[in-house]
1. Please report, as a whole percent, how much of the solvent-accessible surface of region 238-368 comes from carbon and sulfur atoms (probe radius 1.4 Å).
2. Is there a pair in LYS105/LYS142; LYS226/LYS387; LYS105/LYS453; LYS105/LYS140; LYS140/LYS453; LYS387/LYS410 whose C-alpha atoms are over 25 Å apart, and which pairs would that be?
3. Need the full-extension length gain, ASP494 to VAL460, defined as separation in residues times 0.36 nm minus the C-alpha distance. One decimal, nm.
4. In nm, give the distance between the simple-model label positions of ARG340 and GLU305, each being 7 Å from the Cα along the Cα-to-Cβ direction.
5. Please give the net charge around ALA298, taking every other residue with its beta carbon less than 10 angstrom from that of ALA298, where Lys and Arg add +1 and Asp and Glu add -1.
6. ³J(HN,Hα) across region 366-383 via Karplus (A = 6.51, B = -1.76, C = 1.60, θ = phi - 60°), whole Hz, x for Gly/Pro?
7. Amide H neighbours of ARG334 under 5 Å, counting only residues 5+ apart in sequence or on other chains, H built in-plane at 1.01 Å?
8. Which shape class applies to region 118-194: rounded if a/c is under 1.5, otherwise prolate when a/b exceeds b/c and oblate if not, where a ≥ b ≥ c are the square roots of the Cα gyration tensor eigenvalues?
Amino acid sequence: MTDKFEEKLFLMAEEERMCLPKSLEIKIDEKLKNLQKPRGKSPRHLRRWMPLAAALAMLFSITAAAATGMVRQRMEAMNREKLEEYFVQVYTSKVPADNYNRPYKEEERSRMEELQRAYQEEARFPEGEITMMESAGSYKGKGVAFLKDTSTFFFPEKEMSDEELLQIIDFYYKRDYSLQKMTEMAAQGETEIPQVEWTPGEPAGEDFLQSGAALSPGQELTVPYKGDLSLLYMAAGNNCIFLTGWNAIHKMEFGSNESVMFFNNFGRQTRITALCQDARGDIYLGLMQYGEDGWESALWVLSGEGEFLREIDLSAFRQRNITFGGISSDGFIRQLAADREGNLYLKGAGYTDEDFLLVIDTQGGLVARVPFGDYTSSMLGGIGIGKDGKAYTMVQDGEKRMGIASINPKEGCLEEIYMGIVPDTTLCLDLIAPGYDADFVFWGYDGIFSYNKGEDRAFVAMPAYETPCHVEGALACVLPDGRIVLASCTEYTDRETEEGIILHERIPEKTCFYYLPSLRETR
């Protein structure tokens, strides 16, 4: 009886053509070693263990095909409620891809690859599930969690365990399966796409925009663009937003979803690289134009009505030709600001040494070359006029701490300096402007900060991972009420000009504007 049972077991094992994962082979080897002949036991007694050993091997063994089947069973075991839950996480997300509160650590990446293989080939599943959150503020730094509104994963600061990594892998599989299954069911008429109730930040309708709510500094808006301009640059004016594309500047009212032509009389291929409006309403344009000798930079002045007033001659300040973004030119204006006294603050490349900031008057006369001294300031670092009327620039010290400093144009020096006010991980402060309920609002790749002079640290009004769109590649400006506006596009196209220049352009109908409050009281 035992012999026949043993033969059946081995026959079943042979027919299964078992291919054991390495981890299971080790487990089985350990079990079989423990089945060695006990002292004082007869060969006959040992033989009685053999069927059990074979059975044990079969119970522990999982072929790649069987594991795949178990993954499929795990997916199919989700009920309708779970399917919709995972599907809605994709369908209602405000951003088209996942975000993370911190990047994966190198060791985590390595283990993630191995665990993903184990999940698929060995059916190694997590014991628990990733935590779903309603707001970023509910994350307390333990375990892994997911915020569906912005498709953001929250990881603990310490290195994640295998269980936590498996929860992330399990989440990916279930989400992808739900998306596929719900789409198939909807196509076959077996279900309807779940209806979504949008909360603040929903696409604003015409009635909403006309109601004046778009002018509220605490109002978060999502406004799909209905204009026809492929955006290259954006800047806030005194009472509107200026949008620029190739050879054109549009004007758009706050909260509007359309823009109108403001100026396009450039005469040749032109790109705006910087723009600001002074208290009188005049508009200053840093631009690059394509000529016989390649790209040439210039500084133009327009009236508030869109009339060309004059060009400011910068030839006296040019020091060298530069290459930026693969484009060679005689200079590049990246930052512009105008104070109430008629001083223009210019930062870029090709006009001054990197250790200086240029201050000129509205006719192009030199006011000052302001040295950064013990500090540095990238041309990407913002310049802005504070509530006190002074110009401020982003600065960084030798310890890579970041802050701001006021500029004294009469003395030609930095004056008030506030260092280490943003996290050390902050790459740059691209925008500096007056805040609504604070002295300043900053924008950078780490998100939105508000700051009062004298505070040790800036207040985090909105981290980048909470923004409803990708920070990378988005255009940004600060409104007079302290709100940050991001313009993000999900699709691009390439267009070749008559000069053979390839223009990488945003598709207008795939562009959306996001109005983000910087108020401290909202958090």
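The values are calculated or read from the model by the stated rules, or taken from the named source; none is laboratory data. Small disclaimer: the values here were computed from a predicted structure and weren't measured. Virtual Cβ from ideal backbone geometry, glycine too; neighbours counted across all protein chains shown. What goes into the accessible areas is simple: the full protein's heavy atoms, side chains included, and nothing from ligands, DNA or RNA. Shrake-Rupley method; radii C 1.70, N 1.55, O 1.52, S 1.80 Å.
1. Whole-percent figure for carbon plus sulfur exposure: 41.
2. Pairs exceeding the cut-off: LYS226/LYS387; LYS105/LYS453; LYS140/LYS453.
3. On the way: separation 34, 0.36 × 34 = 12.24 nm, distance 3.69 nm.
This chain segment gains 8.6 nm when fully extended.
4. 2.7
5. -4
6. Per-residue couplings from phi come out as 6, 9, 6, 10, 8, x, 8, x, 7, 10, 10, 7, 5, 5, 7, x, x, 10 Hz.
7. The answer is LYS347, GLY348, ALA349.
8. On the way: a/c = 3.65, a/b = 1.43, b/c = 2.55.
Oblate, because a/c is 1.5 or more while a/b does not exceed b/c.
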